[in-house]
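Step one of this worksheet: look at the structure below.
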Amino acid sequence: RKIKAEKAAELMCVFPFVVKAFEMEIIPAERIVAPIGGTLILTCNATGCASPSFSWRTQMDSPLGGKVSNHRTHSTLTMNPVSIVNSHSYLCTVICDQREQKEKSVKVELYSFPSDPIIEISPSLVAGEPATVVCKIPDVYPSDHLEVLLKKDEHVIHEKDFFEDDSTNTETKIVAYTFHPMPEDIGKEITCVARLPIADMDFEPKERTSSQKLNANFGPQNTVITASPGNSAMEGDSLNLTCVTQSNPPAQIVWSKHWAEGSIQHLIKNNVLSIPHVHFNDSGLYICEVINLVTNKTEKATVDIIIQGAPVITKLSIEPSTTVQEGENVSIQCSAESNPPPKIILRRKSDNANMRPYSARSILLPSVMFQNGGDYECIAENKFGNSRSEITLNVKYGPKNTMITVIPTAALKEGETVTLKCTSSGNPAPVISWKKKKATGESEKISKNATLTIQNLKSQDLGLYECEAYNQFGKEEKAVKLYVQGSLEEPDQMIPVIIAFSSVAAVAVPAVAILIYVSRQAKVNGSYSLVKALRLKV
């Protein structure tokens, strides 16, 4: 132990106790880069001094622009917020025990680049018309280092620097550029790139960007119509007309059709006009009108549509009616539509008609006769096919060609049966009735049938029989007379014969004279017997 104590005394003699010297420092040291608007604290420390005193000043004796707080061994200068007045070299002085003085300085350099650029573009740009892009860089300092680029997508469209700027405080710098946006620019990005590259100043970021997409209003333009399956369609097919245009915002589309007489028919408000089954009257000029309500511009496109196909008969008519009275004026007309135009043949079908075929659209029948009645056909044809249609002309007329037939034509005997048959033509079919002349001269209706049968023929059955044919358009009468004519076959014997004599009422006078004469001769010759029948027609 004694040896250890001696060695410790020796060490103390060799290494006596060292008193620390008076020193000072500023933190941060030397050069400081601070953002305007932020907070900066400078700390001045003293060591080796029991009671240091601190003081702060700028190198140019300008205001400090901050708050000083002194503590036992250090002092702080707080700048909150940092402003342009803080751009100085700051000097901290420390006096130790009022005997020794030391000082150090630190340089504060300022910058301001607080936010991204602001891009301003008119929301209603019109393609082809001048537009201005404005880029604002807020609160820049020092602006004499500012560089600004304007880009459209990746292409630089404008550059500007502020190297000659002498601003001494923060300022918002503005870059404006006028250009002519085109339709193809829609959707592209306009980017403003702002750079503040200050050498030896360590701060981030030194580049800020902002972007905005272009939305230019334009059009309508380049309006076209496409027809599917094509401009020439077959009758009955479907047809789609599509109107395509370039416009922003999208244009309003209105379809219309121009008729031959000059009128316009408005159809739909849609870009596609669809006709499921086209007809010939769908041919014509179609107009697509496109309207941009923002640019207030209008553009039109047209397409001429031709519908082709076999003929379609659109009208087959008889005027004044399909049922006419003989003697009226009649017109038969046929119309058809097709493309190419049809050849129309209008004719009567009856082979035995005394009518020629007509290669025309109408037949005129002045004072029509009953022979003109019947079926008429219209044939329309072109290279794609043909179409047929029929119509019936019904001609009403009074009774004609009334005729009486006596059956049998061989000899009759008393007590046998004789048949008188009356026929007549007319439209409508005539009603036929029989009358018999009485001795008084009056006529007595004896039958409403066309056939009159006399059974068990007797002398009282002899006389004038009248046939009357009647309909609403007239009547016609014919007559036949059964009488006895005597003829001598042996010298001493007379054989009476019943004669049937037929005549039209209009020529009855000469016939009656003959009948009276024949009757008188029969009476002179005595009684009769039925030996022979003679049939006459007038």
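The values are calculated or read from the model by the stated rules, or taken from the named source; none is laboratory data. This structure is a prediction, so every number in the text was calculated from the model and none was measured. Because the Cβ atoms are built from the backbone with ideal geometry, glycine has one as well, and the counts that use them run over all protein chains shown. Only protein heavy atoms, including side chains, enter the accessible area calculation; ligands, DNA and RNA are left aside. Shrake-Rupley method; radii C 1.70, N 1.55, O 1.52, S 1.80 Å.
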Check: For the range 359-458, which chymotrypsin sites (Phe, Trp or Tyr not before Pro) are both in a DSSP coil and crowded by at most 15 other Cβ atoms within 10 Å?
Finding: Phe384
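Which chymotrypsin sites (Phe, Trp or Tyr not before Pro) from the range 208-287 combine a DSSP loop assignment with at most 16 other Cβ atoms within 10 Å?
Those that pass, being in a loop and sparsely packed, are Trp259.
Just in the range 233-297: which GluC sites (Glu not before Pro) are loop by DSSP and have at most 13 other Cβ atoms within 10 Å? Spell out each step's value before the answer.
Numbers: sites: Glu235, Glu261, Glu289; in loops: Glu235, Glu261.
Passing both the DSSP loop test and the Cβ count: Glu261.
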Item checked: C-alpha center-to-center spacing [the range 203-255, the range 69-123] in angstrom -> 60 Å
Next item on the list: Would you mind telling me the antiparallel percentage of the DSSP bridges in the range 314-396, rounded to 5?
Entry: 90 percent
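Rg over Rh of the range 377-435, using C-alpha atoms and the Kirkwood radius, what does it come to?
Result for the range 377-435 is an Rg/Rh of 1.42.
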Next item on the list: Eight or more residues apart or on different chains, and alpha-carbon atoms under 19 Å: count the Lys pairs in the range 106-191 matching that.
Entry: 10
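Would you please give the FRET efficiency between Asp153 and Asp304, computed as 1/(1 + (r/R0)^6) with r the Cβ-Cβ distance and R0 = 41 Å, to the nearest 0.05?
On the way: r = 43 Å, r/R0 = 1.04.
The formula returns an efficiency of 0.45 here.
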Next item on the list: Go ahead and run the numbers for FRET between Ser83 and Ile275, Cβ-Cβ distance against an R0 of 60 Å, rounding to 0.05.
Entry: 0.20
Checklist line | Among the listed pairs Lys257/Lys315; Lys413/Lys435; Lys257/Lys349; Lys413/Lys475; Lys67/Lys102, those beyond 31 Å (Cα-Cα) | finding: Lys257/Lys349; Lys413/Lys475
Check: Summing Lys, Arg as +1 and Asp, Glu as -1, what charge do residues with Cβ under 12 Å from the Cβ of Asn281 carry, Asn281 excluded?
Finding: -2
Next item on the list: Please report, as a whole percent, how much of the solvent-accessible surface of the range 23-111 comes from carbon and sulfur atoms (probe radius 1.4 Å).
Entry: 48 percent
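Over the range 270-331, what lengths in whole Å, largest first, do the semi-axes of the equivalent ellipsoid take, defined as the square roots of 5 times the eigenvalues of the alpha-carbon gyration tensor?
On the way: eigenvalues 439, 44, 18 Å².
Square roots of five times the eigenvalues give 47, 15, 9 Å.
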Checklist line | Candidate aspartates and glutamates for bridging to Lys20, where Cα separation is under 19 Å - those fewer than 8 sequence places away on the same chain excluded | finding: Asp97, Glu100, Glu103
